[in-house]
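Shown next, in structure tokens, is the structure this report addresses.
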Amino acid sequence: MRLSRFFLPILKENPREAEIVSHRLMLRAGMLKQQAAGSFSWLPLGKRVLDKVCAIIREEQNRSGAHEILMPTIQSADLWMESGRYEAYGKEMLRLQDRHERDMLYGPTNEEMVTDIFRAHVKSYKDLPLNLYHIQWKFRDEVRPRFGVMRSREFLMKDAYSFDLDFEGAKAAYNRMFVAYLRTFERMGLKAIPMRAETGPIGGDLSHEFIILAETGESAVFCDRHYLELPVPGEETDFSDDAAISGIVAQWTTPYAATDDMHDEGEWEKVGESDRLAARGIEVGHIFHFGQKYSEPMGAKVLGPDGKEHAVSMGSYGIGPSRLVAGIIEASHDENGIIWPRSVAPFDVALINMKAGDDACDGLCERLYGEMGRAGIDVLYDDTDQRAGGKFATADLIGLPYQIIVGPRGVAAGEVEIKNRATGERETVSPDSVIARLGVA
Ligand code: P5A
């Protein structure tokens, strides 16, 4: 992509409304435009990151055996009356009426709707286990939307829903999602710690929040430092092996970890003093087991091997991709801007032409731009006529993993410079070795 053709509305000044660094940097880097309280448009740079985050989530959901669907944002109030949540949900739910004065709502979550899909099509235990997920916009009329996309009113959610014959099956489904979450966050360069959590309006009695540590986090959290070194299960993880998956969950739930709401001073005292980590955290995922809470009142039943009907045992599993984009920035930035982990970076490389209009610089940049593109490297080529200083500042702000700097002196000497955004390390290489250099990084 040529920067001269791209839509990247960089802000020179720090926006006053932004209280935390991720919000400030997302606005400054031209990723977002606020439209109303807690509502944002995603501009091209932001949309690219959001898509990469969703792609990782999708891969790991699919790997764990879940199936992607897509449900509507607008739901009928009737479904929610069946579960009893229509009244209970309160003011956070955005309620509307259609032209026939039928009560509708903008979905804050989809337990009822997915249960309706299930009951229409699944009748036998032989079709279980089943896990259906989608990635769809939600609306919650939060009392205090704040911190940009971190706590917004309209936000993207990956929500998965599992259906099993009994508790044992449901627990195995819960464990698979738990492990899929460990892998998902690790792939985004995050250390997410699962913590026992309250279930709130979703319900049930077993729940974990996945929390990343950050000073600006909304929750106070308490955990054993050992979590920071626990190994995350690799790509070879066998999601069909219930015992192995359960073993991973046991390993990841044994050391102490709790949010403020669930904190137990007695248990905390048992953690060695030097291992206690009291910090703040951002909830990027939340999983629930709630058994028959929806299947019973909504009649989602299957015929069991015993020939009897059983209301299925369910769980739901959420991740906030829009919040995650902000969370990744909270975890990875410096005073000059964002530092994207390569897996979610909007482009892999910023190619900086220090003297656009100079034949030699233009020629080498065009050549590198073409070669990198053909090698599958995603390049943002700064071909604008801005001053070099401004180009460096923009490249640092938008945080692409590598900068390739092409200037007249280097070109004459047959050299370009590669800067690693995360470490600041600079290396001078020949143009011919650029691709190999980026490939192995
Ligand atoms: C689980 C999936 C649920 O709604 N039902 C379906 C369950 N869980 S949750 O914890 O309420 O939300 C899941 C994740 O969504 C993100 N999230 C938000 N992101 C941005 N702004 C918000 N206002 C917001 N509310 C929730 C979080 O990542 C949360 O873990």
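The values are calculated or read from the model by the stated rules, or taken from the named source; none is laboratory data. Everything quoted here is computed from the prediction, not taken from an experiment. With ideal geometry, Cβ positions are generated from the backbone for all residues, glycine too; neighbour counts draw on all protein chains shown. Side chains are part of the model used for accessible areas, which takes the heavy atoms of the whole protein and leaves out ligands, DNA and RNA. Shrake-Rupley method; radii C 1.70, N 1.55, O 1.52, S 1.80 Å.
Structure above, values below:
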read-out: Other-chain or far-sequence residues with amide H under 5 Å of residue 221's (modelled H); value: 279, 280, 281
read-out: Normalised convex hull volume, the chain, alpha-carbon set, Å³ per residue; value: 168
read-out: Radius ratio Rg over Rh of the range 130-188, counting only Cα atoms, Kirkwood formula for Rh; value: 1.09
read-out: Rounded FRET efficiency, nearest 0.05, which uses the C-beta distance separating residue 102 from residue 303 and R0 of 30 Å; value: 0.35
read-out: Degrees separating the helix 388-398 axis from the principal Cα axis of the chain, which is the longest one; value: 10
read-out: Over 23 Å (Cα to Cα) - which of 12/191; 171/301; 52/91; 123/293; 126/171; 52/171 fall in this group; value: 12/191; 52/91; 52/171
read-out: Largest-first principal axis extents of the Cα set of the range 14-80 (Å); value: 43, 34, 20
read-out: Sites residue 253 and residue 343, calculated FRET efficiency, Cβ-Cβ separation with R0 25 Å, nearest 0.05; value: 0.45
read-out: Placed amide H near residue 141: partners under 5 Å, 5+ positions off or other chain; value: 93, 94
read-out: Mean residue ellipticity (222 nm) of the chain, computed from DSSP H runs ≥ 4 via -39,500 (n - 2.57), nearest 500; value: -9500 deg cm²/dmol
read-out: Relative contact order (percent, whole number), the range 230-358, Cα cutoff 8 Å, 6+ residue spacing; value: 15
read-out: The range 300-441, relative contact order [Cα under 8 Å, separation at least 6], %; value: 22
read-out: Distance between the range 209-258 and the range 322-394 - C-alpha centres, whole angstrom; value: 34
read-out: Relative contact order %, the chain, counting alpha carbon pairs below 8 Å whose residues are six or more apart; value: 17
read-out: Cut-off under 5 Å, modelled amide H: who pairs with residue 290 long-range; value: 314, 315, 316
read-out: Cα lying deepest toward the dipole's positive end in the chain, options 38, 365, 233, charges on Cβ; value: 365
read-out: Where labels lie 7 Å past Cα in the beta-carbon direction, separation of residue 236 and residue 428 in nm; value: 4.4
read-out: Spacing of the two label points (7 Å from each Cα toward its C-beta) at residue 385 and residue 136, in nm; value: 5.1
read-out: Ordering of 326-332, 424-430, 96-102, 313-319 by packing [mean C-beta count within 10 Å, highest first]; value: 313-319, 326-332, 424-430, 96-102
read-out: Using alpha-carbon coordinates, inclination of helix 111-121 to the longest axis of the chain, degrees; value: 70
read-out: Solvent exposure, largest accessible area first (probe 1.4 Å, DNA, RNA and ligands not counted), of 310, 23; value: 310, 23
read-out: Full-stretch length increase - residue 62, residue 19 - with 0.36 nm per residue and alpha-carbon distance subtracted; value: 11.8 nm
read-out: Dipole of the chain, positive end: most advanced residue of 169, 133, 434 [Cβ charges, Cα centre]; value: 434
read-out: Cβ charges +1 (Lys, Arg) and -1 (Asp, Glu), total dipole of the chain, debye; value: 1300
read-out: Integer Hz, Karplus 6.51/-1.76/1.60 couplings in order for the range 351-362, x for Gly and Pro; value: 9, 10, 8, 6, 9, 4, x, 7, 4, 5, 5, 4
read-out: Span from the the range 1-20 Cα centroid across to the the range 22-99 one, whole angstrom; value: 23
read-out: Highest-MSF residue in the chain out of 46, 299, 363 [GNM, Cα springs under 10 Å]; value: 363
read-out: Additional length obtainable on full extension of the chain from residue 168 to residue 374, 0.36 nm per residue less Cα span; value: 69.2 nm
read-out: Spherically averaged projected area of the range 79-235 from its Cα convex hull (nm²); value: 12.1
read-out: For residue 28, net neighbour charge (Lys/Arg +1, Asp/Glu -1) across residues whose Cβ lies under 13 Å away; value: 0
